[in-house]
Every structure is written in C-alpha cells, then in structure tokens.
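The values are calculated or read from the model by the stated rules, or taken from the named source; none is laboratory data. Keep in mind the model is a prediction, meaning the values are calculated, not measured. Every residue, glycine among them, receives a Cβ derived from its backbone with ideal geometry; neighbour counts consider all protein chains shown.
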Amino acid sequence: MSVRINPDQCIACTTCVVHCPVAEATPNFLGPRMIGPAYERFRLLGLAEDPSLHYCANCKNCDISCPHDVPVSSINMLARAEQCKKQRPGLRDWVLAHGELQARWLRLIPAGLKNFGMLNPVTRAVLDALGIDKRAPLPRFASQTFRQQARGFRQSGQNRKVVFFPGCYVDVYDPRTGLDMLWTLNRAGYEVIVPDEFVCCGLPMVANGFWQDARANAERNLATLARWREQGIPIITGCPSCALMFKTELPEFFPDLAEKHGLTPLEDAQEFLLDCVERGELRLESENRASLPELRVIYHAPCHLRAQGNGLPGLELMRRLPGVASRNADAGCCGISGSYGFKKEKYAIAQDIGATLFRTVRESGAHVAVSECGTCRVQILHGSELPCLHPVSIVRQRLEALNPA
Amino acid sequence: MSRIIDVLVVGSGLAGLVAALTAAREGRSVRMVTDGMGSLAISGGCVDLLGYAGGQRLNDPWSGMDLLPPAHPYRLLGASRVRAAVDMLLQCAADQGWPLHTAATPEGAPCNALLPTIMGTLKPSYLLPDGLDPAALARARRILVAGVHGLRDCRPALIVSQLRRYRDWADKDFVPFMLPSPLGATHRSLSALDLARLVDRPRGRDWLIQNLRKHAGQCDAVLLPPICGSRADASIWHELNQAVACPLVEMLSIPPGVGGLRLRDALLRELRRHDFELVENARIIRATTDGKRCTSLTALAAGQERRHTARAFVLATGGILGGGIELAPGSARESVFKLDIPVPSDVTLWSEPEIFGNHVFSRLGVRVDGEMRPQDDSGQAWYDNIFFAGRSVGGYDFATEKSGHGVALATGWQAGRMAAATAGKFHEPASGEQL
C-alpha cells in the first residue's frame, strides 16, 4: 500500500476511546487510539501487527469524535490491507465482501430457490461453521434486482434528470426502497437514470481486506461517474455508506484514481429531496391531512451518515411530512457495521453494541423505525422486532395516502 | 442545511453545550456544529470555579474574583452573572437526575473542596456530584483506598504515600487494597471507564459490592477510582453506597476521567428536550459577514463545503489544542474569523522557564467584552451577533487558576443568553428586552 497516514496528529487524548462502540463492548480490542495512531508508529518500525486489529468495525465513531481530525479508522483499514497482503483473508470474509458478485453469479436461479438454498437450517449450519453466525439476520434475495425492476418502471413527463446509485443492498435485497426513491424523484419531476455499469462501492471489500477488488470497483465506478458528471447531471445515493466511500474513502485510499477520473461526490438523496421541497418541486403538504392517522416514527442515524458532517437530512424530511411524529433515537451505533455483525466472533459484540438502540426502539411506541442504511435496518428489525424502513419509503407511503392517484 | 436557525453553536465541549442549552431554554432553535466531541467527555465531572488567584489557594472562589486581572472573563462578566450560570447548571443537572453540590465551611458557606486524585494529590474544585463528598473524607479516621487489578493508572500504595504528605491527611489510617479484576485477563489494560461501564450493569455492581464489603466494614470511607457507573444516574452511586454501608468517594482520574462523560450525558439529555440538532464531524472554516453582522458560517465536511445560516452564532471552538486558535511563529489568530490575537513577536517570551509558571500561551485567546462579543483594539465589538465562549476566550489560565470548567460554564451561559436575545430581536424588532 503506497498510501500512509501520519499518526502524529494524535495527542492520545482518549476521546475516541470514550466514543468507540467496540471498545465499550469488548476489552479484547486495544481500542481506536492504541490500534490506530499509537500502533501505527510500531508498524512504521516494522513491528508485528496486533492480534486485535480485526475488531475494528470501521464504524467511524473514532473519526467523528476525534478533535484533531485524525482518520483513525482509515489507519486501521490500511493496516488491515497490509495484513491481508501477507495473510490472505479466509473464504468467510470473501463471501461477506463480495455479496454483489455472488448475486450476479446466482442471478439465473429463482429467488425462492436461492433463499431456500441460503437460509435453510442446513446451509446456515454450514455457513456457521464457515464463520457466519447462524443467528445473524442474513437478508433475503429479492425476486428481481432493483435495476431489473427499474427498467420496467414507467417514468413519464419528467424534464429534469438525476442519476441514482442504488448501492448493493438496495439492488440485491431491497428493491422496494429503490423503487420508492424512483417514485418520489419522479413525483419531484426527475427522470431517474440507473446506470448498469455501477458496481459495489467497495466498502465491504475494504473492511474485509480485499484491497485490489475495491480498487478495481473504484476504477469502474469513478469512470462511470465521470461520464455522468460531465453531462452536468446530479448523482445521488440513498445509502450513507456508499456516499461516504465516494466522498472520503476513495480519495484517501486511491488518490491516483481520484486524480485520473476527478472527484464525483455522491449527493445524499434525502438532502436532494429536501432541496426539491425547498425549490417547490416536491410538495409534502396536502389539504386533506386531517384524514390520515398520525404515524409515529423512530429514526436511527447511521454512523456513516453522521461521519459526513451533513446533519440528518432523512430525519428532517420525516419532520416535514404532515401527520408524521418523528423522534431521533439518538442511541448510538446499531452494531452491524456492514458485514461485521454477521461474523461469528463478532455477532455477540454487535448485539451488545446495538442493545441500547434496540431498547430505545422497542420502548418508543413508534409504529415503524426509519434509517437510511440497509444493514442498520436489518439489524434494527433483528434486535427490536420493529420493522425498519428507509425514509423515502415513508415519504412515498404518506404522499400516496395523501394524494391518491 | 437550508433551514435558518436562531442560534448556531460551534463546538461541543462544556462551553458549547452550556451555550446551546441556555439559548434553547430561551425558546430558540439551536444547531450545534462540531469537529470532534470536545474534551468534556474525557475530563473529570467537577466544575472548578477558581482554585487559585493572586498566588493564593482559595477556600472561597468568590472572594478571589477581585484578585483576577481586569481582562479575566470572570471580571468581564461580574460575579452575579457567574453565579447565575452556576445556578442554571445546578438546576439542569438536578432536573436530569444528576445533582451537583458544593462543599461547605463549618459556618455553612459554600467553598472549594480539596479532592484527592488517583495520583494522591489534592485538587480544588467547586461543583461536585454525589460521588464526591469531601465531608465524608474529612470525618473519616480510617480510609480504604481501593485499586483494581488490571487498572494500571490507580495504585493505592502510591496514593497513600502521597496523601500522607498533606497535613490534614497525615494522621489518618489508610488501608490500601486491590480488588480482583472483574474481567479476568484482557487484551488491553483496563481504564476506569471500562469498569464504570461494567458497574452500569447489575453484574458489575455485584462485583464491586461483594469485594468492598469484605473490607469496608472496618473503615469510615472508601476512596476508589471513578468507576461508579458511566452515565448521569446518581442512583447507581446511592445503591452502591447503601450496599457497602460505608461512604464511597471517587478520586479524580486522568482521561478518560468518566465524570465528564456523566455530566455530558446529563447536558445532552436536557438539550434533547428542546429544539436542538447536532451536526457532527464538520469543521467551520469561514464566515460570511455583512457589515457588523455575520450571516452564515461555512463548514468543511467529507470534502464538501456546507453553509450554515443563523441569526446569532456562538463560537466555542476551543483553544490552541481544540483548534479555536491558530498559531504561527510570532503570531496567533482566531481560526474562523481570523481575528488577530496580540502576542509578543519574540516567541521565547510566550512561555516561562518554570513549567507551572505564568505562560503567555496559556492565556492566549479572543478579546471579548462583557457580552462575549469579540473586540477590536479600541474596545469596539467586531460583530453584533457573534459571541465567544470557553477556551477560545483569552485572559485566563485554566491550568494555574483551576478555573477551566468554571469559565466554560460562565462564558457559555453568557454567550448563549446573548445569542438568544440577539436572535430574538431578529424575530421581534420592537422588543425592548434589557440585557
């Protein structure tokens, strides 16, 4: 790895230690300050890696809390990349890092069969032996991917255009959220372009140490993004982790690629919709609001959204919806961190981290939980048993109910 | 960031939190933008008001305020405003189930307390949570000094030998004692915060109670590291105290100090009852002004610039370490408005040879008026709707005065209140509110 981050901005103040959810859950993790900047000095001297590096979930709470702008989690991910060069990560980590690729390989198999194949007790026992915890809430394959379904979605009468990066979770497991995004953007007067060339943003690959694969995906995505950027069309995503990857991780990890293709930051789709409301393109109010029962919503802010320094536009969107009473759970990380909480040796840690959030959600009296991140939604449903939707799904539900076609 | 809010607070340390709370309690909408979490979370949870002034250790912090230089924030504010700020914090903390109190003289007047640290030193402080009762220590003849195996930064034998150097402590009996680690062998060495989080749970409380009970019976008080829970929940300490049947007194610790995390928890809980939003991981880099009025601040976040528009602004951006003050050889300036801070051009004059001396660098900060508005050389406010608070304000030296949280509290309160009033004028131009 040619990229190195100077650890000497760190003054060892311990702020990140206080805010690290993994360090709180297990004393077997050295903690962000020690495994990040402090240990980096040992790495620069060529000393052996600490055995607890794998505990870092890359949730970014260290980066969010650091008063000195030390990119602690990036130091950790670069160290993991070095480690994986010396010792190839196992099959389990490959499986968790390449969900989109597997979905493409399996695309000719009907979803029912795929889900039976993946989720039956025998397979779960095999996966458990492989290191994917049998209790973990593996998502179900959708019958058709979002991009397949989007092709059949009739978009008419729009004169503005926007490019949508769905992210693997929406594309493979949760097309409904993607279609709700399409519907809402259409309602705001936008024709939505969903390019076939997009591949996984690469964050799961980085987190699991598959650096070369992440680089290959970055190359392909950045080239595609550059083409749309040159046409002056805004590019948005509803997934906070994908947005974070394009905004901060790619330029940090692959500065040469960022230079070659230019930077195309993905805009937050929820913020884009708020701007549509501001511009009068999307109307959230209606005359017959009294006829709808109040919807109580509890909102969870994904850590990767908080890391982007842009506040909580998804929550703001909920607050602008008539008849929706929304509350910020403000109960910390859900624990899942992408593929982290599916791992057998991390499952209990992830559940422990999310326990405060699960309790807050359960006790909220809300009808539904809301969060932008796909795996946060899976984890919240798993931990609290309250259904969890993307904010745009609530927007569509309410707008459809308020203004029946 | 399209919504225009009343008060934008930059920084989430104690000064920023108090400013936000003060403005929010006045009914203003408040947005806090923060680059990092502020050092309250790693500090001890007491409020040092004023421990030393004019070369004297103060028993009564209020009596020492007149000894401070005229440009000191306490002098600019006046003691009555400092008192009002203290009262607000006392009320908010009590409302959140985290009551604070002060020590008292034999005559019953509030005074500074001398609190033991895990280094066995004594430190003056003023507002204390329930877990820090100096009276229990003063009464005690025989004190159990507890450490925990695996907690490297708290050594009972060291603490005892250090405390014996103090006259009031020299003739007490001390019983140094190591509790077994509740977590067994761990990959990292434990911190007080690890243990405090364990004690949040019934299993951790059982561990502490069982082990202390064995020895506390023969003692009048127990000194222990700050491990009685990590949240602003005084019931944990009361439960432990009752179960052990001996007063427990926490020592102040190096970061993470746990106590500050509890106070922060209480303040954030109180803030969430109001119209308050938090934007994390965003660094304010620039201001847009129109004459003497600031219209917006621009943040850099995830490689993109974002504009935050508000009616009034509180800058609680911290000092040199926190990023509120930028230094270059021979010059210093405030980091957002780039206000010049006068310094000797010869940098060797910025510090004293004595490490605990009167360093110029430790008093560096923005010059403000009594309303916390930044001032130019002639004493005129640079802007009408900008207020500074906390360590970005110049004229005090928290380390030698032991006044850190106190100045943060007092200036945060004043800045929040002035910002609320300024934002209010915007709403109702005819209002003749007396400030």
Any strands (runs of 3 or more DSSP E) falling wholly within region B:216-322 and containing at least 1 residues that are within 14 Å of chain A (Cβ to nearest Cβ):
B:276-280, B:283-290, B:293-301, B:304-315
Please work out if A:Pro21 is more than 7 Å from every other protein chain (Cβ to nearest Cβ), surrounded by fewer than 24 Cβ atoms within 10 Å (Cβ to Cβ), over 22 Å from B:Ile254 (Cα atoms) and touching a residue at least 40 places away in the same chain (Cβ under 8 Å).
no
Suppose we keep only residues that are part of a helix (DSSP H, G or I) and polar (S, T, N, Q) within region A:1-58. Which one would you say is farthest from A:Gly354 (Cα to Cα)?
A:Gln9
Conditions first: (1) within 11 Å of chain B (Cβ to nearest Cβ); (2) within 28 Å of B:Gly303 (Cα to Cα). A:Ser74 passes all but one, so which condition is the exception?
(1)
Reported set for region B:23-40 where residues are at pLDDT 95 or above and among the aliphatic types (A, V, I, L, M) is B:Ala23, B:Ala24, B:Val30, B:Met32, B:Val33, B:Leu40
Test for B:Phe276: is it in contact with a Cys (Cβ under 6 Å, 6 or more places away or on another chain) and in contact (Cβ under 8 Å) with a residue 12 or more places away in the chain:
no
Region A:238-281, subset more than 13 Å from chain B (Cβ to nearest Cβ) and touching a strand residue (DSSP E or B) at 6+ places or on another chain (Cβ under 9 Å), residue nearest to A:Tyr169 (Cα to Cα)
A:Cys239
For region B:323-334, how many residues meet the condition of being in a loop (DSSP other than H, G, I, E, B) and in contact (Cβ under 8 Å) with a residue 24 or more places away in the chain?
2
Of A:Arg80, A:Arg124, the only residue that is within 26 Å of A:Tyr169 (Cβ to Cβ), crowded, with 19+ Cβ neighbours inside 10 Å and among the basic types (Lys, Arg) is A:Arg80
Just wondering, is there one or more residues in region A:313-323 that are at positive phi, more than 12 Å from chain B (Cβ to nearest Cβ) and assigned to a loop (DSSP other than H, G, I, E, B)?
yes
Among the residues of region A:30-64, what is the count of those that are farther than 22 Å from B:Leu190 by Cα, hydrophobic (A, V, I, L, M, F, W, C) and away from every other protein chain (no Cβ under 11 Å)?
5
If I filter region A:146-169 down to residues being assigned to a loop (DSSP other than H, G, I, E, B) and modelled with pLDDT of 95 or more, which single residue comes out as surrounded by the fewest Cβ atoms within 10 Å (Cβ to Cβ)?
A:Pro166
Cβ-Cβ under 9 Å, sequence separation 6+ or interchain: first residue in region B:193-220 and in the same structural domain as B:Gly150 (by TED's automatic domain parsing) and among the polar types (S, T, N, Q), partner modelled with pLDDT of 95 or more and in a loop (DSSP other than H, G, I, E, B). Which pairs?
B:Asn211/B:Pro180; B:Asn211/B:Pro182
Looking for whichever is more than 14 Å from chain A (Cβ to nearest Cβ) and touching a Phe, Trp or Tyr at 6+ places or on another chain (Cβ under 6 Å) here; the options are B:Leu49, B:Leu58, B:Leu90. Which one fits?
B:Leu49
Residues B:Ala146, B:Ala138: which one is small (Gly, Ala, Ser) and assigned to a helix (DSSP H, G or I)?
B:Ala138
Please work out if B:Ala381 is surrounded by 19 or more Cβ atoms within 10 Å (Cβ to Cβ), in contact with a strand residue (DSSP E or B) (Cβ under 7 Å, 6 or more places away or on another chain) and assigned by TED's automatic domain parsing to the domain that holds B:Thr298.
no
Regarding region B:3-10, can at least one residue be identified that is in a loop (DSSP other than H, G, I, E, B) and either over 10 Å from the mean Cα position of the chain (by Cα) or under 23 Å from A:Leu317 (Cβ atoms) (or both)?
yes
Counting residues that are farther than 30 Å from A:His54 by Cβ and not small (Gly, Ala, Ser), which helices (runs of 4 or more DSSP H) fully inside region A:208-299 reach at least 2?
A:211-230, A:255-261, A:269-278
Do you know which of the residues in region A:1-47 that are among the small types (Gly, Ala, Ser) and under 24 Å from the mean Cα position of the chain (by Cα) is nearest to A:Tyr347 (Cα to Cα)?
A:Ala25
I'd like to know if region B:308-315 contains one or more residues that are under 30 Å from A:Glu267 (Cα atoms), within 22 Å of the chain's Cα centre (by Cα) and not aromatic (Phe, Trp, Tyr).
yes
Being out of contact with any helix residue (DSSP H, G or I) (no Cβ under 7 Å at 6 or more places or on another chain), at pLDDT below 95, over 30 Å from A:Asp63 (Cβ atoms) and in a helix (DSSP H, G or I) is the requirement here; does B:Asp87 meet it?
no
Scan region A:187-209 and tell me whether some residue there is closer than 30 Å to A:Lys85 by Cα and among the polar types (S, T, N, Q).
yes
